[in-house]
Amino acid sequence: MSPSPGPKATRVVALIPAHNEEATVFEVVRAVRQRIPEVVVIDDASSDRTAQVAREAGAVVISHAINRGVGAALRTGYRYALERGFDVIVQIDADGQHDPRYIPQLLEALSEGYDLVIGSRFLNESYRSYSWVRRAGIRFFTWLGNRLGGLRITDITSGYRAYKAKALQHLGPLPDRHWAVEQTLEAARKGLRIKEISVEMPLRQKGRSQFDLSTFLWYPIRVADSVLRILLFRR
Ligand SMILES: Nc1nc2c(ncn2[C@@H]2O[C@H](COP(=O)(O)OP(=O)(O)OP(=O)(O)O)[C@@H](O)[C@H]2O)c(=O)[nH]1
Ligand SMILES: [Mg+2]
């Protein structure tokens with residue numbers, strides 16, 4: 001008689017959205033691979049050597065033909081992870097702001113029963129290095145998400161997250177940009193269990209931020225659009 005199979009091992013994948021991050025992506029991929037061997041970099045049509053450098057560091061690289069934004073890059077990554085049957089997805093930026101040493105804590109919180117774990121810079125002092133405009137924006141959108149989603153979180157815009165695939169597959173597709181408020185609100189309204197952990201998140205040292213004047217001006221409009229869409233159409 002053949003032995004009965006043991007419990008199925010949890011398959012974890014790390015997704016790293018990247019746009020022109022050749023200065024940091026090698027180190028990030030290397031450090032993530034020490035904790036999660038399967039790393040996928042979604043190269044959002046970088047014009048520098050991001051894709052080559054990520055491949056040299058051992059990541060699978062999926063390249064967009066044109067630049068579409070962080071949310072679109074994540075959409076590509078989620079599809080990859082769900083189609084291949086991964087159980088857990090860890091999401092981490094390519095610019096070095098998200099220290100991979102927090103990965104075990106994110107995974108630990110998932111195994112405690114949470115569906116979505118968010119790394120918060122507001123549970124420690126690192127939020128202080130951000131400009132007041134950015135802090136005020138994060139605080140406002142977090143307040144809005146808490147009010148509308150019945151949550152008690154502190155950093156709704158953080159992109160450092162971990163998900164159970166079973167939970168993620170219930171969420172609708174992300175918008176191309178400014179995806180975080182929409183995703184968190186939808187997750188809350190669909191009853192996903194959400195937890196934050198404290199993550200130190202220094203300012204980006206290299207490369208170029210997604211935030212420029214036009215991003216700042218569009219941000220509230222895009223978020224308002226997302227919030228309305230969730231409230232009206234996604235239940
Ligand atoms: N800037 C930018 N980043 C993208 C894009 N697509 C994917 N990314 C990646 O998405 C992640 C988050 O983007 P960031 O520009 O770091 O956004 P942020 O952390 O909110 O902003 P900073 O604190 O200024 O770095 C990074 O790993 C980027 O490389 C894009 O179209 N533009
Ligand atoms: Mg960043």
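The values are calculated or read from the model by the stated rules, or taken from the named source; none is laboratory data. As the structure is a computational prediction, the values presented were derived from the model and not from experiment. Glycine gets a Cβ as well: all are built from the backbone with ideal geometry, and neighbour counts include every protein chain shown. In case anyone asks, the SASA skips ligands and DNA or RNA and just uses the protein heavy atoms, side chains included. Shrake-Rupley method; radii C 1.70, N 1.55, O 1.52, S 1.80 Å.
Quick check: residue separation of Phe140 and Leu228 times 0.36 nm, minus the Cα distance between them. What number comes out in nm?
On the way: separation 88, 0.36 × 88 = 31.68 nm, distance 1.61 nm.
Contour length minus the Cα-Cα distance gives 30.1 nm.
What is the percent of Cα-Cα separations in the range 102-180 that go past 23 Å?
Working: 748 of 3081 pairs.
It works out to 24 percent of all Cα pairs.
Given the C-alpha centroids of the range 209-235 and the range 131-164, what is the distance between them in whole angstrom?
13
With θ set to phi - 60°, apply the Karplus curve 6.51 cos²θ - 1.76 cosθ + 1.60 along the range 16-27 and write out the HN-Hα couplings as whole Hz, x wherever there is a Gly or Pro.
10, x, 9, 9, 6, 10, 4, 6, 10, 5, 4, 4
Between Arg152 and Ser47, what is the label-point separation in nm under the 7 Å Cα-to-beta-carbon projection?
4.8
Using all C-alpha to C-alpha distances in the range 12-233, build P(r) with 10 Å bins and read off the rounded percent in each one.
Values per bin, smallest distances first: 8, 36, 41, 15, 0.
I'm a student and want to see the number: the projected area of the Cα convex hull of the range 1-142, averaged over all directions, in nm². Don't skip to the end; give the middle numbers.
Values: hull surface 44.5 nm².
Orientation-averaged projected area of the Cα hull: 11.1 nm².
Taking the Cα centre of the chain as origin, sum charge times position over the Cβ atoms of Lys and Arg (+1) and Asp and Glu (-1), and report the length of that vector in debye to the nearest 20.
Details: 34 positive and 25 negative charges, 139 e Å.
It works out to roughly 660 debye.
Per residue, how much accessible surface does the chain expose to a 1.4 Å probe? Answer in Å², no decimals.
Values: 11920 Å² over 235 residues.
Solvent-accessible surface per residue comes out at 51 Å².
How many percent of the accessible area of the chain is carbon or sulfur, using a 1.4 Å probe?
53
So if I place +1 on the C-beta of Lys and Arg and -1 on the C-beta of Asp and Glu, and nothing else carries charge, what would the dipole magnitude of the range 119-158 be about its Cα centre? I want it in debye, nearest 20. Could the numbers behind the result be given before it?
On the way: 7 positive and 2 negative charges, 18 e Å.
Magnitude of the dipole: close to 80 debye.
Between Leu110, Leu148, Leu213, which gets the highest mean-square fluctuation from a Gaussian network model of the chain, Cα cutoff 10 Å?
Leu213
Extension gain Asp99-Arg33, at 0.36 nm per residue separation less the Cα-Cα distance, in nm?
On the way: separation 66, 0.36 × 66 = 23.76 nm, distance 1.25 nm.
Going from the current span to full extension adds 22.5 nm.
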